[in-house]
Amino acid sequence: MGKKIKERSKKYRGTLRLYISWPLILTLFLAAGTAGIFFIDKKAGFAALALTMAYAVIAAVIRLYNRKAITNDMVNFATSFGQVQKGLLKGLSLPYALLDENGRFVWCNSGFQEIIGKDQAFGRSVTSYIPELTKDRLPKDGERTETFFSIGGMDFRADIRRTSLDEMAQKSLIVDDPDFSGSITTIFLYDITELNNLKRMIRDQAVVAGYIFMDNYDEAMENVEEVRRSLLVALIDRKIKKYFSDYDAVVKNTERDKYFITMKRASFDRLVENRFDILEDVKTVKVGNEMSVTLSMGFGLDTDTLSEDTAYARSAIDLALGRGGDQAVVKSPDKTAYYGGKSLQMEKNTRVKARVKAQALKEIIEQKERVFCMGHQITDIDTFGAAVGIYRATKQLEKKCHIVINDVTQSIRPFVDACTREPDFDPDMFVTSTEALQLADTDTSVMVVVDTNKPSITECPELLRRLATVVVLDHHRIGTETIENATLSYIEPYASSACEMVAEILQYISDNARLRSVEADSLYAGIMIDTNNFMTKAGVRTFEAAAFLKRSGADITRVRKLFRNDIDSFKARAEVVRRAELFHDRYAVSICNGNGLASPTVVGSQAANELLNINSVKASFVLTEYQNRIYISARSIDEINVQLIMERLGGGGHMNIAGAQLTDMSPEAAKQKVKDVIDEMEKEGSIE
């Protein structure tokens, strides 16, 4: 019964409907004519009526009995025409297939069958033959998508379109079926194997430019007998050139400790796969030298010209040197990659660079009327101490100085209060970002950034953009994001802290540098915290800076009292240690609950230091939620480079002390992300 109702609901449409209905329309005209004849002659009218009725009966009978025959003939014609189209599509060289709404084959031509290796695929899912074409990747009605995949050693581009059959049925000129619904997906495959091969060939033949620098050439030569120096240089030169000759590279000396290198991209890819093992291999060269020679390498690629590659290579080598050397940096327009950098930075015994930078800073300050100094957000004692040191240097040059601090954390509160009570300090010594923007003048002001080289995490990035003269003093490794176009940049990753660098500058910026006791305490405290009581990254120059501060009035006992915690912070730190999880038997990972704590990030960093006292722990990670962000404090002793791990998370720091910030995630999710990064780097072999 339902089938009959459905059949009756089908109607002819368009021109065909008008053609089939024409006899009935003509009957109406004949009836009207018959009525007119009745007014003229009744006998003639009856004759015309009889003829009209006969015509109507004959037309109705013909329509009734021939309707089905006409429909069948048209269907047969459409089928025959469809068979012709099917035959044409069957032999079409372009692979073509039709899928139903569930991604199953309805029909495919011979070209498509050859690719999937099946003669009969009707009813089978396309995913079973092409895993990349999953159901969720198929387009919705009216959409078009592209997918790339490889099968049988050939590469293809799939052009996928989905068409609703409802619209086709509504536009049909033959039948009208309101109950019909559905859609069909068409797939066209384009063979792009040759195109990809050409692209790969062009890429493999592209030229990569690079620079190689010896990081510690002068220091290494000082420890070698004069008669052996030429031998050491010759052995290193031979090792470098022999190593790169295996990669079909051209290496040219530009200076005694510098090389320029060019090679094909295919060879460079092999170099990347080997993770630039020349960095470790060159350290094995020994001819009486106590200090191993280390290399820095910078490569530029993926640009349109060799000159642009060279410019990127120059930027990359500067980045490698700024990060402490002993590593390779690969720079392209899309990204920057780092390799190596696992060893501790060599401390420079000479202080010539510090003296030159101090003199340059002095000249810049003397040319300006006002100095602004700021560090990173959530100011710690190293940032504060360095800023106070810049304040004293500026005052000795009789210039105005402001330290930009938005939020005074609990860790620096005692030092800020001590400065505020000091009558010699200006009332506007400390200003907020808003106040600094009101006071700043582009032509007469200079910005000194301490303890960071990332513009996005400074206390006032807008102030950094407004002032044309910017000075950067930092001891962290340079990352992808850095303050560009600085008038003076003094970044030394080997330094223990920003306070150590400022303490050295103070000795050269004035012949009789006189520090107030609170200033000496602040600088000394910054060094003490960043070296974990002189146990981490404390070199000869670190102790020399501490000795200078001690002579200037720093009181160790007074500093220690200022660092004492309240009972809640002490308990919170102990709770972090208690809840620590040992990951892979050598990574301690824990979460710090900062609720109710004045400085939760400080507690997190202190707990990270405490976790290193546990046997078998080589690195510790403490995650603290504060102000809708997750702050990660990472620490290690010697074997694990936590700085590389934190860089994967968008942070940075040093080999033994590093950190990162994560947003839009819970502490547990951040903890899992840290674990995932550790797993990934352990598989790569790039964590130790």
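The values are calculated or read from the model by the stated rules, or taken from the named source; none is laboratory data. None of the values given here were measured: they were computed from a predicted structure. Cβ coordinates were reconstructed from backbone atoms using ideal geometry, including for glycine residues, and neighbour counts include every protein chain displayed.
Values for this structure:
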read-out: Near pairs, Cβ below 6 angstrom, 6+ apart or cross-chain, from region 285-308 (at pLDDT 90 or above) to any residue that is among the basic types (Lys, Arg); value: Gly300/Lys331
read-out: Test for Phe268: is it outside any helix (DSSP H, G or I) and either buried (at least 16 other Cβ atoms within 10 Å of the Cβ) or without any contact (Cβ under 8 Å) to a residue 24 or more places away in the chain (or both); value: no
read-out: Selection within region 227-261 - basic (Lys, Arg), out of contact with any helix residue (DSSP H, G or I) (no Cβ under 8 Å at 6 or more places or on another chain), modelled with pLDDT of 90 or more and outside any strand (DSSP E or B); value: Arg238, Lys241, Lys242
read-out: Residues that are within 14 Å of Tyr626 (Cβ to Cβ) and surrounded by 14 or more Cβ atoms within 10 Å (Cβ to Cβ), drawn from region 665-680; value: Met665, Pro667, Ala670
read-out: Matching residues in region 212-240 - criterion: being under 38 Å from the mean Cα position of the chain (by Cα) and among the hydrophobic types (A, V, I, L, M, F, W, C); value: Ile212, Phe213, Met214, Ala220, Ile236, Ile240
read-out: Of all residues making up region 645-654, the number that are crowded, with 24+ Cβ neighbours inside 10 Å and part of a helix (DSSP H, G or I); value: 2
read-out: Filter result (closer than 12 Å to Glu500 by Cα, in contact with a helix residue (DSSP H, G or I) (Cβ under 9 Å, 6 or more places away or on another chain) and among the β-branched types (Val, Ile, Thr)) within region 524-562; value: Ile527, Ile529, Thr531, Thr542
read-out: Segments classed as strands (runs of 3 or more DSSP E), wholly inside region 320-435, with at least 3 members that are of a type outside the set (Lys, Arg) and within 30 Å of Glu639 (Cβ to Cβ); value: 327-331, 336-340
read-out: Residue match in region 186-196 (condition: closer than 30 Å to Glu308 by Cβ, among the polar types (S, T, N, Q) and either under 30 Å from the mean Cα position of the chain (by Cα) or modelled with pLDDT under 85 (or both)); value: yes
read-out: Enumeration of residues in region 289-325 that are over 17 Å from Arg238 (Cβ atoms) and among the small types (Gly, Ala, Ser); value: Ser296, Gly298, Gly300, Ser307, Ala311, Ala313, Ser315, Ala316, Ala320, Gly322, Gly324, Gly325
read-out: Count of residues meeting criterion [free of Cβ contacts under 8 Å to residues at least 12 places away in the same chain and in a helix (DSSP H, G or I)] in region 455-497; value: 2
read-out: Cβ pairs under 8 Å, 6+ apart, first in region 50-64 and in a helix (DSSP H, G or I), second exposed (fewer than 14 other Cβ atoms within 10 Å of the Cβ) and of a type in the set (Phe, Trp, Tyr); value: none
read-out: Which numbered condition Leu662 fails, given (1) touching a Lys or Arg at 6+ places or on another chain (Cβ under 9 Å); (2) within 25 Å of Lys537 (Cβ to Cβ); (3) crowded, with 16+ Cβ neighbours inside 10 Å; (4) not polar (S, T, N, Q); value: (2)
read-out: Region 241-255 residues that are over 15 Å from Val282 (Cβ atoms), paired with ones that are surrounded by 12 or more Cβ atoms within 10 Å (Cβ to Cβ) and at pLDDT below 90 (beta carbon under 7 Å, 6 or more apart); value: none
read-out: Residues being small (Gly, Ala, Ser), outside any strand (DSSP E or B) and buried (at least 16 other Cβ atoms within 10 Å of the Cβ) - total across region 271-298; value: 1
read-out: Of residues in region 414-434 being without any contact (Cβ under 8 Å) to a residue 24 or more places away in the chain and out of contact with any Phe, Trp or Tyr (no Cβ under 9 Å at 6 or more places or on another chain), the one nearest to Lys399 (Cα to Cα); value: Pro427
read-out: Residues located in region 574-602, provided they are on the phi < 0 side of the Ramachandran plot and at pLDDT below 90; value: Asn593, Gly594, Asn595, Leu597, Ala598, Ser599, Pro600, Thr601, Val602
read-out: Residue, farthest from Asp530 (Cα to Cα), within region 652-686, restricted to residues that are modelled with pLDDT under 85 and under 19 Å from the mean Cα position of the chain (by Cα); value: Glu684
read-out: Options Gln410, Gln359; residue that is modelled with pLDDT under 90 and surrounded by fewer than 18 Cβ atoms within 10 Å (Cβ to Cβ); value: Gln410
read-out: Single match in Val352, Val329 (criterion: over 22 Å from the mean Cα position of the chain (by Cα) and modelled with pLDDT of 75 or more); value: Val352
